[in-house]
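Heads up, the thing below is written out as structure tokens.
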Amino acid sequence: MPQRSKMHLVAYMRTNSTASYAGGWRHPSAPLDDVWSPERYQYLARLLEGACFDAGFFADNLGLPDLYKGRIDDYIGRGGQASLLDPMIALPIMAAATSRLGLGATLSTTFNEPYHLARSLGSLDLVSGGRAAWNVVTSTMDCEAQNFGLAAMPDKATRYARGDDVLEACTRLWDSWEEGALVMDRESGVFADPARIHPANHAGPHVSTRGPLGIPRSPQGRPVLMQAGSSPRGREFAARWAELVFASPATREAGIAFRADLHERLGRAGRRPEDCKVLVSLSLVLGETEAIARDRAAYLDSLVAPELVLASNSSLMGIDLDAKLRAEAAGEEALAEVGNQGVQGTLDRMTQTVAARKQSFAETVRRPRDLFTGTAAGIADVMEDWFTSGACDGFVLPPTVYPQTFEDVARLLVPELQKRGLFRREYAGRTLRENLANPG
């Protein structure tokens with residue numbers, strides 16, 4: 001009898017007391033003062049590894065969103081998802097506390113140079129023993145561009161073209177040290193073999209770097225590449241580079257269509273479907289009973305600040321929703337597309353939600369992301385349905401309340417998935433890439 005395939009789980013993390021659900025930071029169980037404590041990240045890493053997660057990655061941005069009403073007040077003032085610590089500081093702390101958990105950083109190709117990216121990520125792969133991942137982003141917000149001396153974000157086509165160029169340069173830098181180039185033989189006096197260390201000599205349309213890289217080849221050769229672009233250009237980028245893709249479809253059918261489209265693009269790029277896992281975002285509230293889960297979700301809903309929801313969705317969609325909703329109320333045309341700053345996946349999810357629920361755009365953008373609420377068995381039913389129907393290869397799980405969500409997943413949900421044969425009981429490999437290839 002053939003072995004049943006198993007899903008992948010990745011944790012969405014932030015270096016912040018806020019979680020991914022507007023108002024989650026106000027929950028009495030959410031710690032507010034440990035963001036700068038190494039113990040916070042050690043505890044999180046051990047919790048995720050104990051639950052056999054493939055990886056955890058830190059979302060990040062390089063500015064405070066100010067699209068909503070043209071100011072930062074409602075976003076940061078009400079607890080939006082800002083990074084209060086550079087995630088590259090937290091990841092080595094987590095690496096030291098674990099031996100199997102994959103560790104991902106979000107880093108921009110628009111505002112970082114290839115040498116810096118290759119060196120930082122290669123170093124993380126070295127100290128973690130081959131567990132590093134890079135969530136490749138091209139950035140989206142003008143406030144980020146203005147922090148790096150630009151008046152506004154370059155257009156999306158330019159950002160992705162630079163992204164391709166940066167990845168080509170990083171690949172050459174990672175490959176500039178062959179396997180075995182670092183000798184460190186005391187007796188012979190040979191520290192490294194120069195014949196196995198080569199220049200990168202990359203000269204592209206956007207970036208150039210001579211190389212070779214100043215650090216040796218890491219255990220994985222290069223970090224696992226993650227990506228979340230949903231636009232046609234973003235999907236082409238993913239088909240060329242990504243090993244993990246994150247999507248946020250509002251319905252199972254939309255997930256099936258997204259994954260099928262990506263598989264087609266992978267084929268055109270000369271890659272196999274199994275070369276790139278598609279993970280969908282799932283925000284959940286677990287309870288020992290349905291009633292407990294509903295009560296927890298209702299309490300979370302009572303903590304939501306409506307202005308924070310609009311400010312958050314404004315930053316994701318690249319549009320000032322305050323101005324947009326006032327214009328709609330005056331009878332102007334509804335939103336047709338995201339702005340240059342927007343995230344296509346967010347617009348897709350909003351559009352799918354409008355159609356599925358037959359509700360207005362205004363109603364949709366005023367609500368925080370839907371919560372899947374129920375017992376471990378009920379949530380596992382949903383996950384199994386999406387997984388076995390071909391909508392995804394696994395899930396990205398953000399915390400609605402930190403760290404309670406991850407504690408509940410480890411205590412309640414993972415054992416249920418394991419009982420069904422849908423999730424590993426132990427890691428099959430030592431590196432992240434090995435565990436992605438073999439989910440156990």
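The values are calculated or read from the model by the stated rules, or taken from the named source; none is laboratory data. Please read all numbers here as calculations on a predicted model, not as lab measurements. Cβ placement follows ideal geometry from the backbone for every residue including glycine, while neighbour counts extend to all protein chains displayed.
Numbers below:
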{"quantity": "Residue that is modelled with pLDDT of 95 or more and charged (D, E, K, R), where the choices are 142, 164", "calculated": "164"}
{"quantity": "Residues that are over 22 Å from residue 412 (Cα atoms) and either in contact with a Leu (Cβ under 6 Å, 6 or more places away or on another chain) or of a type in the set (Val, Ile, Thr) (or both), drawn from region 288-312", "calculated": "304, 309, 310"}
{"quantity": "Matching entry among 440, 390, 394 (being out of contact with any Phe, Trp or Tyr (no Cβ under 8 Å at 6 or more places or on another chain) and either closer than 21 Å to residue 226 by Cβ or not acidic (Asp, Glu) (or both))", "calculated": "390"}
{"quantity": "Some residue of region 114-124 being within 23 Å of residue 38 (Cβ to Cβ) and under 15 Å from the mean Cα position of the chain (by Cα)", "calculated": "no"}
{"quantity": "Positions within region 158-176 being among the hydrophobic types (A, V, I, L, M, F, W, C) and touching a residue at least 60 places away in the same chain (Cβ under 8 Å), in sequence order", "calculated": "167"}
{"quantity": "Some residue of region 231-243 being at pLDDT 95 or above, part of a helix (DSSP H, G or I), of a type in the set (Asp, Glu) and surrounded by fewer than 18 Cβ atoms within 10 Å (Cβ to Cβ)", "calculated": "yes"}
{"quantity": "Members of region 109-153 that are under 28 Å from residue 429 (Cβ atoms), surrounded by fewer than 19 Cβ atoms within 10 Å (Cβ to Cβ) and not polar (S, T, N, Q)", "calculated": "119, 126, 127, 129"}
{"quantity": "Of residues in region 259-276 being more than 20 Å from the chain's Cα centre (by Cα) and in a loop (DSSP other than H, G, I, E, B), the one surrounded by the most Cβ atoms within 10 Å (Cβ to Cβ)", "calculated": "271"}
{"quantity": "Residue identified as surrounded by 21 or more Cβ atoms within 10 Å (Cβ to Cβ), within 20 Å of the chain's Cα centre (by Cα) and aliphatic (A, V, I, L, M) among 371, 417, 413, 397", "calculated": "397"}
{"quantity": "Scope region 184-198; condition loosely packed, with under 13 Cβ neighbours inside 10 Å and either on the phi < 0 side of the Ramachandran plot or not aliphatic (A, V, I, L, M) (or both); matching residues", "calculated": "185, 186, 187, 188, 189, 190, 191, 194, 195"}
{"quantity": "Candidate set: region 277-324, residues that are part of a loop (DSSP other than H, G, I, E, B) and closer than 30 Å to residue 264 by Cα; chosen: the one modelled with the lowest pLDDT", "calculated": "318"}
{"quantity": "Matching residues in region 209-230 - criterion: being of a type outside the set (Val, Ile, Thr) and part of a strand (DSSP E or B)", "calculated": "225, 226, 227"}
{"quantity": "Residue, modelled with the lowest pLDDT, within region 129-139, restricted to residues that are assigned to a loop (DSSP other than H, G, I, E, B) and among the small types (Gly, Ala, Ser)", "calculated": "139"}
{"quantity": "Residue 71 being of a type in the set (Lys, Arg), under 26 Å from residue 245 (Cβ atoms) and surrounded by fewer than 23 Cβ atoms within 10 Å (Cβ to Cβ)", "calculated": "no"}
{"quantity": "Single match in 391, 380, 428, 410 (criterion: closer than 18 Å to residue 5 by Cβ, part of a helix (DSSP H, G or I) and at pLDDT 95 or above)", "calculated": "380"}
{"quantity": "Filter result (under 30 Å from residue 263 (Cβ atoms) and modelled with pLDDT of 95 or more) within region 208-230", "calculated": "218, 219, 220, 221, 222, 223, 224, 225, 226, 227"}
{"quantity": "Elements of type strands (runs of 3 or more DSSP E) in region 1-111, at least 1 residues being of a type in the set (Ser, Thr, Tyr) and modelled with pLDDT under 95", "calculated": "none"}
{"quantity": "Every residue from region 45-65 that is over 17 Å from residue 84 (Cα atoms) and not small (Gly, Ala, Ser)", "calculated": "46, 47, 48, 49, 52, 53, 54"}
{"quantity": "Any chance residue 157 is out of contact with any helix residue (DSSP H, G or I) (no Cβ under 9 Å at 6 or more places or on another chain), part of a helix (DSSP H, G or I) and farther than 24 Å from residue 432 by Cβ", "calculated": "no"}
{"quantity": "Candidates 84, 64, 103 - the one that is over 28 Å from residue 413 (Cα atoms), in contact with a Ser or Thr (Cβ under 9 Å, 6 or more places away or on another chain), touching a residue at least 40 places away in the same chain (Cβ under 8 Å) and of a type in the set (A, V, I, L, M)", "calculated": "84"}
{"quantity": "Selected residue (criterion: farthest from the chain's Cα centre (by Cα)) from residues of region 222-238 that are under 19 Å from residue 8 (Cα atoms) and small (Gly, Ala, Ser)", "calculated": "238"}
